[in-house]
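S.K.: My questions all concern the structure below.
Each reported figure results from applying straightforward, stated rules to the coordinates on display, with no laboratory input. Only a predicted model underlies this, so the values are computations on that prediction, with no experimental measurement involved. Cβ: placed from backbone, ideal geometry, glycine included. Neighbour counts: every protein chain shown.
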Amino acid sequence: MRMHVFTVAALLGATGLASASPERPITAGFSLGMAQSRVDAAGDANNTIGLWGRLQFTPRVSGQLELMRISADDGNANLRTGTLLFVIDLAKQGRLMPVLLAGLGLDHSSDPYGLDTTGHHIEGGLGLEYRANGGLTFGIDARLGGRTIDSQPKGILEMPPQPGTPTFFVPSHLSEGEYRQVRATLGVRF
């Protein structure tokens, strides 16, 4: 619920920002980071790698599309997310730019057994970007989010059950609930 309020507040705040002509309306780049769900808080965070593209709507408001791959601890799952975000510059100008991020996205996890888990998420956070004159952009951001699982298999038997033998289930690597992530980004404005 907190994330819904945060997203609405960010969108309402974006409508009151000043406008001027954008110098470089498109930015594209990649990201490296770490993500961890609340369920897995006692364990290690998962590594992430992603691609992103940003289109500037006004001098201080942009839309960003991100595609990210999350590495599972055991390497057996293929986790991917896609997120559509609003990126709001919190300062009017300057090379060092604090930003507010708020968005929605879709999640997909598949494993070697052919089981797919799908979900959706909402997230928000803060970041800091260094925007060089030549168009190079370096950034770091931290986000909090909430994920809901839309469809998930109940589990499969690895082998036909025999009387007196244990039954093994393959768990999903995509978990419902809160998560957090931190990312470093590198991009080019053109």
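S.K.: Provide the net charge surrounding ILE149, with neighbours chosen by a C-beta distance below 10 Å and charges set as Lys +1, Arg +1, Asp -1, Glu -1.
M.R.: Taking every other residue near ILE149 into account, the sum is -2.
S.K.: Once label points are set 7 Å from the Cα along Cα→Cβ at both ILE149 and ALA91, what is their separation, rounded to one decimal in nm?
M.R.: Inter-label distance under the simple model: 4.3 nm.
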